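Here the structure comes first, spelled out in structure tokens, and everything after it is commentary.
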Amino acid sequence: MTQENNLGRLMNGWFSETSDVWPGIALSIEIEKTLFSKKSQFQQIELFETRHHGRMLVLDGVIQLTDFDEFAYQEMLAHTPLFAHPAPKKVLVIGGGDGGILREIARHEGVQTIDICEIDEMVIQVSRQYLPEMGCGFDDPRVILHIADGNEFIGQHPDEYDVIIVDSSDPVGPGEILFEGPFYEHCQRALKQNGILAIQGESFFLHPDLVQKMVKRIKKLFKIHAYSNFLVPTFTGGHIGICLGSKGPAVRTPARKIPQKIQERLKYYTARVHKASFVLPKFAEKLIEEV
């Protein structure tokens, strides 16, 4: 998407997100000013100050996060697989250049190494400058940054990680390859015994075919699998999921008690929410069972 096309989405002080991935629906957020707008090697990156939702990161015209509700996405995508694992020590994040997932992983004192593989270094630079409450995730001394293609990187690290978290954008542009079969196979091989994979799982309201495709690939590779869902109001549709596969631990309930010093700093994730997130509406349950 060119900068001109993307900026054309700003009208009368409102940014409107539209996409071919969810035709016929748009999400609009009132903007006060543009803080950053530049095309990187991979995508158009924009950072806005909104009137009611704090700062907002947009990649190729698609909202990635706002200050208002980023915690819901970051907490659920990070803590659901991490607390499902009995003792995660080495964790890999694919994508996640805003740093929010790193921030949440860093709350787990037992984690010894946090690798992050992000293809677009400019996303990291923008986040560290304009989104310090998320960009701070890169400051943890356990974090090792790899600027690389996630698919290529993970294929070079067999049997290495306890938990892999794929914080990808939608299946267009640089994030497209992270929804293909070979990437899932690389992830499965990169996990240690008892390892857990958690992938940003899109919305069964907006793109049920894509959710089915993801679930089918996870089921083929993992005997233990599940689909979690939760609310993020500033994502189109207000909803998103996590596709999980495990080499051993159950994923629907936490394997460890959540320490009070972690719980008191969280806004969305709890043990009860963890369990409840796997309860799906009837149509979604049927959608996944049919795979």
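The values are calculated or read from the model by the stated rules, or taken from the named source; none is laboratory data. Every value quoted in this text rests on a predicted model; they were computed, and no experiment measured them. Ideal geometry is used to build each Cβ from the backbone, glycine not excepted, and the neighbour counts take in all protein chains shown. These accessible areas exclude ligands, DNA and RNA; they are computed on the full protein's heavy atoms, side chains included. Shrake-Rupley method; radii C 1.70, N 1.55, O 1.52, S 1.80 Å.
For Lys216, the solvent-accessible surface computed with a 1.4 Å probe is close to 140 Å², ligands and nucleic acids excluded. Divided by 2.2 N^0.38 Å, where N counts the residues, the Cα radius of gyration of region 32-145 comes to 1.07. Each residue was assigned an accessible area with a 1.4 Å probe, and for Ile101 the value is about 0 Å². Going Cα to Cα from Lys39, which aspartates and glutamates come in below 16 Å? Please leave out same-chain ones fewer than 8 positions away. Cα-Cα hits under 16 Å: Glu4, Asp60, Asp120, Glu121.
Rolling a 1.4 Å probe across the protein heavy atoms gives region 1-103 an accessible surface of 39 Å² per residue. Count Lys and Arg as plus one, Asp and Glu as minus one, and take only other residues whose Cβ is under 14 Å from that of Asp69; the net charge is then -3.
Count Lys and Arg as plus one, Asp and Glu as minus one, and take only other residues whose Cβ is under 15 Å from that of His85; the net charge is then +4.
The ellipsoid equivalent to the alpha-carbon distribution of the chain has semi-axes of 28, 21, 19 angstrom, derived from the gyration tensor eigenvalues as √(5λ) and listed largest first.
Taking other residues whose beta carbon is less than 12 angstrom from the beta carbon of Leu244, and scoring Lys, Arg as +1 and Asp, Glu as -1, yields +3. Gap in Å between the Cα centre of region 43-120 and the Cα centre of region 246-291? After rounding, the separation between the Cα centres reads 18 Å.
Accessible area ranking (1.4 Å probe, heavy atoms, ligands and nucleic acids excluded), largest first, for Glu109, Glu30, Glu121: Glu109, Glu121, Glu30. P(r) for region 225-269, from all Cα pairs and a bin width of 5 Å, is 5, 16, 18, 19, 22, 15, 4 %, short bins first. Only one residue of Val232, Phe204, Ile242 has its Cα farthest out toward the positive end of the dipole of region 202-288, where Lys and Arg carry +1 and Asp and Glu -1 on Cβ, and that residue is Ile242. Its Cα centre serving as origin, the chain has a Cβ charge dipole (Lys and Arg +1, Asp and Glu -1) of approximately 1300 debye. Over region 244-284, the fraction of Cα-Cα pairs per 5 Å bin, rounded to whole percents and listed from the shortest bin up, is 5, 19, 24, 22, 18, 9, 3, 0. Based on a Kirkwood Rh over C-alpha pairs, give the Stokes-Einstein translational diffusion coefficient of region 163-291 at 4 °C and viscosity 1.567 mPa s in µm²/s. Value of D from the Cα-based Kirkwood radius: 84 µm²/s.
Here the relative contact order of region 104-262, from alpha carbon pairs under 8 Å that lie six or more residues apart, stands at 18 percent.
Heavy atoms only, probe 1.4 Å: what % of the accessible area of region 184-291 goes to carbon and sulfur, would you let me know? In region 184-291, the share of accessible area belonging to carbon and sulfur is 52 percent.
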